[in-house]
């Protein structure tokens with residue numbers, strides 16, 4: 001089996017090399033012969049997908065067959081591993097995840113190559129660029145991180161097992177989502193670079209890639225937040241974001257991708273920011289690769305670094321080559337990227353996008369700087385320093401708050417110019433609402449002068465309310481106009497409104513989701529935790545909850561042995577639930593793992609972890625966290641994803657009006 | 001004394017007529033402008049909230065514990081380390097409590113940890129020496145970014161219009177198509 005996989009990868013490398021070279025030759029010397037050559041390049045690209053898919057199937061099948069002659073499977077699987085995790089073995093280690101990356105890239109390439117008739121020449125350029133990226137990953141797979149490398153010496157009877165941290169249901173979907181996001185940004189990048197090389201006229205390439213970009217962004221958003229949820233549910237420290245280098249690596253392309261999603265609208269609508277957008281999509285692609293380099297090379301230590309090796313050198317070269325190639329084509333053809341319009345007013349959608357981009361890029365720079373600073377410090381001072389949560393909280397939170405303010409104001413601004421009068425009129429209500437919330441919070445005990453964290457929480461709450469109220473007021477105002485004309489109810493009118501411009505109103509829903517996420521995050525300063533050794537009948541109180549230990553016991557299964565406690569949870573005199581915090585000891589990997597138990601409500605999460613047994617008394621140590629508002633984060637993410645899906649649905653076709661009609665005043669910021 | 005001072009400040013450098021006009025203007029602003037009045041009320045309410053609600057005690061243990069890292073290589077903040085079987089975090093927490101009991105100030109307590117465990121025990125770079133660069137760079141980037149954005153905005157605003165008013169220039173086929181495309185983009189819903 002492993003030989004089939006190895007051969008498939010080698011052939012895939014040859015075919016993607018052919019796809020790139022033949023595609024590039026056909027594009028460089030156009031003519032009747034080159035059309036046929038280009039077609040063979042396209043088909044070679046399609047065949048690459050078939051071969052990489054075959055290699056992935058071979059690896060997964062071998063995992064199910066417990067073929068521990070394959071070194072990768074020996075290190076990441078074992079006989080008693082449950083079936084879903086055997087499937088997830090594909091992305092559980094370095095070699096497998098690179099194969100998975102290559103598979104996703106090939107799949108994106110397949111879709112692109114099948115849809116080539118949309119614009120044959122532009123698609124041919126994009127196909128060649130994707131083939132070039134594919135060559136890099138296949139070179140890695142064939143020569144540096146071979147997933148089908150065989151064990152030497154006597155064959156082991158069982159595998160070393162999967163890292164316990166990865167034995168969690170979310171790990172079956174979190175990496176694919178993240179990789180779909182990472183890899184997906186290669187497609188808009190390939191189109192952008194293709195358009196730059198061929199000096200593509202107009203902005204059609206943006207319309208072609210709009211859906212790709214949005215879908216990719218949605219996947220990356222899902223991936224980032226699933227990672228946060230996984231950390232919350234598995235790592236057991238009671239938090240969801242620790243500013244770990246791997247988390248940072250996923251956040252950086254998300255930030256630049258978000259900036260690109262906004263600024264690309266300026267190019268599409270007003271023919272502005274063309275050079276900027278080129279660099280932005282390149283930076284997004286580049287940061288996705290850089291993130292992989294950071295986490296796979298081992299140069300930066302991380303709690304998530306499940307696989308580290310010497311492939312860093314390969315990534316360095318690839319990053320350098322892509323940077324040089326992109327810079328060369330940019331300077332060669334930058335005259336093609338001149339802006340078509342001037343900025344007419346400071347109070348306009350255009351300027352809000354400029355500042356939005358500035359802040360998103362600044363946030364990205366801060367994260368990148370914080371991630372790299374330990375290395376810079378070691379180089380300059382000779383000793384490493386830690387750049388952890390206190391740094392990011394001090395530096396990134398003010399930027400995030402400013403971004404939130406722009407998110408609130410942006411939708412109220414129209415393209416070209418907005419009058420101060422209309423801005424004041426539309427902003428007054430939401431601003432007063434946000435102010436009222438701030439005062440209420442202070443009255444109910446949030447004292448911003450006590451702690452900077454409370455100050456941030458207060459500001460975040462007010463700004464999140466401002467965003468939510470702005471979005472709601474935009475929907476209501478637009479809905480009312482439609483309702484007056486059609487006689488529909490306000491709700492039906494708002495649906496109608498969305499359907500007339502799905503992208504704009506879907507985007508507003510995404511903004512609303514962001515506000516909900518922020519509300520969830522601002523609960524962090526009010527977290528509480530307690531730790532206690534709990535024997536039979538012992539009690540611990542945290543917030544409104546009283547925890548009573550009913551029992552504690554041990555169990556055994558083929559994959560792991562475990563210790564767990566039975567904790568009855570009371571609120572007042574009423575028992576509301578029973579929770580079972582647990583600690584497992586995985587036999588194959590010989591590693592322990594804490595499994596927290598979480599009771600989520602809209603108000604707060606009760607989060608229990610089994611810290612271990614006190615060896616002297618034989619009683620379990622239970623740690624309880626009370627984390628307010630965490631559920632809002634996950635709900636907010638669902639709203640963000642829902643908003644993206646709504647924005648992806650095509651808008652209703654505009655109705656053709658024969659007779660001249662009176663034009664109704666559109667809501668502020670009309671026109672996307 | 002205070003009243004005299006206030007009166008003196010209020011009328012400083014103005015003729016009685018100007019002063020009367022300013023007072024009338026202020027009165028009119030207070031009585032006729034509801035937004036101003038409401039803003040003033042909200043401001044007063046905020047002031048009262050600030051004045052009557054007292055500040056609580058902060059937990060130094062919690063604060064300092066979140067400024068230190070556990071050194072068991074789990075890459076977690078000291079008070080958040082839940083590494084099963086961690087041999088460092090309990091001991092370090094004990095040392096932190098002991099330091100606080102001795103009445104040491106924050107700097108001295110943290111310095112003790114740095115001396116014992118090395119600079120990586122601090123969860124964030126210090127604000128001394130080269131480490132200052134870590135803190136300065138993001139703000140420097142913000143300032144440079146803001147300046148660049150302002151420069152771009154000003155440059156764009158100064159850019160000449162496509163054609164002077166009244167001077168009709170002949171439009172070629174390619175330009176005409178470009179204008180058509182732009183007009184379609186600007187007018188689409």
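The values are calculated or read from the model by the stated rules, or taken from the named source; none is laboratory data. Here the structure is a predicted model, which means the values were calculated and not measured. Here the Cβ positions follow ideal geometry from the backbone for every residue, glycine too, while neighbour counts run over all protein chains shown.
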So which residues in segment B:119-138 are closer than 11 Å to residue A:369 by Cβ and more than 7 Å from chain A (Cβ to nearest Cβ)? B:133, B:135, B:136
Of (1) at pLDDT below 85; (2) more than 8 Å from chain B (Cβ to nearest Cβ); (3) outside any loop (DSSP other than H, G, I, E, B); (4) in contact with a helix residue (DSSP H, G or I) (Cβ under 9 Å, 6 or more places away or on another chain), residue A:351 satisfies every one except (2)
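Among the candidates A:465, A:436, single out the residue that is under 16 Å from residue A:523 (Cβ atoms), in a helix (DSSP H, G or I) and outside the structural domain of residue A:398 (by TED's automatic domain parsing). Show your work before the answer.
Values: A:436 fails: under 16 Å from residue A:523 (Cβ atoms).
Going through A:465, A:436 in turn, the sole match is A:465.
One line per residue, one yes/no per condition, for (1) assigned to a loop (DSSP other than H, G, I, E, B); (2) within 30 Å of residue A:80 (Cβ to Cβ); (3) at pLDDT below 90:
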{"site": "A:598", "(1), (2), (3)": "no, yes, no"}
{"site": "A:627", "(1), (2), (3)": "no, no, no"}
{"site": "A:653", "(1), (2), (3)": "yes, no, yes"}
{"site": "A:664", "(1), (2), (3)": "yes, no, yes"}
So which residues in segment A:421-434 are closer than 20 Å to residue A:519 by Cα and surrounded by 17 or more Cβ atoms within 10 Å (Cβ to Cβ)? A:430, A:431, A:433, A:434
Check segment A:603-623 and report whether any residue there is assigned to a strand (DSSP E or B), without any contact (Cβ under 8 Å) to a residue 40 or more places away in the chain and away from chain B (no Cβ under 12 Å). yes
Exclusive hit being part of a helix (DSSP H, G or I), under 19 Å from residue A:198 (Cα atoms) and at pLDDT 90 or above, set A:63, A:56, A:22, A:44: A:22
Only one residue in A:393, A:383 is within 12 Å of chain B (Cβ to nearest Cβ), closer than 30 Å to residue A:369 by Cα and not in a helix (DSSP H, G or I), so which one is that? A:383
Residues in segment A:413-420: is at least one surrounded by 19 or more Cβ atoms within 10 Å (Cβ to Cβ), in a helix (DSSP H, G or I), more than 12 Å from every other protein chain (Cβ to nearest Cβ) and at pLDDT below 85? no
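Rundown of residues vs (1) within 7 Å of chain B (Cβ to nearest Cβ); (2) in contact with a helix residue (DSSP H, G or I) (Cβ under 9 Å, 6 or more places away or on another chain); (3) in a helix (DSSP H, G or I); (4) modelled with pLDDT under 90, yes/no style:
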| position | (1), (2), (3), (4) |
| --- | --- |
| A:322 | no, yes, yes, no |
| A:357 | no, yes, yes, no |
| A:365 | yes, yes, yes, no |
| A:369 | yes, yes, yes, no |
| A:400 | no, yes, yes, yes |
Could we say that residue A:546 is under 30 Å from residue A:445 (Cα atoms), buried (at least 16 other Cβ atoms within 10 Å of the Cβ) and modelled with pLDDT of 90 or more here? yes
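Which residue out of A:150, A:139, A:114, A:105 is surrounded by fewer than 23 Cβ atoms within 10 Å (Cβ to Cβ) and under 25 Å from residue A:198 (Cβ atoms)? Give the derivation first.
Values: A:150 fails: under 25 Å from residue A:198 (Cβ atoms); A:139 fails: under 25 Å from residue A:198 (Cβ atoms); A:105 fails: surrounded by fewer than 23 Cβ atoms within 10 Å (Cβ to Cβ).
Selected residue: A:114, the only one of A:150, A:139, A:114, A:105 that is surrounded by fewer than 23 Cβ atoms within 10 Å (Cβ to Cβ) and under 25 Å from residue A:198 (Cβ atoms).
Among the listed residues A:488, A:528, which satisfies the condition of being farther than 20 Å from residue A:642 by Cα and either touching a helix residue (DSSP H, G or I) at 6+ places or on another chain (Cβ under 6 Å) or surrounded by 15 or more Cβ atoms within 10 Å (Cβ to Cβ) (or both)? Give the derivation first.
On the way: A:528 fails: either touching a helix residue (DSSP H, G or I) at 6+ places or on another chain (Cβ under 6 Å) or surrounded by 15 or more Cβ atoms within 10 Å (Cβ to Cβ) (or both).
None of the other options fit; the residue is A:488.
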Single unsatisfied condition, residue A:385 versus (1) at pLDDT 90 or above; (2) crowded, with 21+ Cβ neighbours inside 10 Å: (1)
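So how many residues does segment A:140-165 have that are farther than 30 Å from residue A:260 by Cα, assigned to a helix (DSSP H, G or I) and either touching a helix residue (DSSP H, G or I) at 6+ places or on another chain (Cβ under 7 Å) or at pLDDT 90 or above (or both)? If you could, list the steps in order and put the result at the bottom.
Of the residues in segment A:140-165, the ones farther than 30 Å from residue A:260 by Cα are A:141-165.
Filter once more, keeping what is assigned to a helix (DSSP H, G or I): A:141-143, A:164-165.
Pick out the ones that are also either touching a helix residue (DSSP H, G or I) at 6+ places or on another chain (Cβ under 7 Å) or at pLDDT 90 or above (or both) and you get A:141-143, A:165.
Of the residues in segment A:140-165, 4 are farther than 30 Å from residue A:260 by Cα, assigned to a helix (DSSP H, G or I) and either touching a helix residue (DSSP H, G or I) at 6+ places or on another chain (Cβ under 7 Å) or at pLDDT 90 or above (or both).
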Could you tell me whether any residue of segment A:506-524 is in contact (Cβ under 8 Å) with a residue 12 or more places away in the chain, farther than 27 Å from residue A:459 by Cβ and assigned to a helix (DSSP H, G or I)? yes
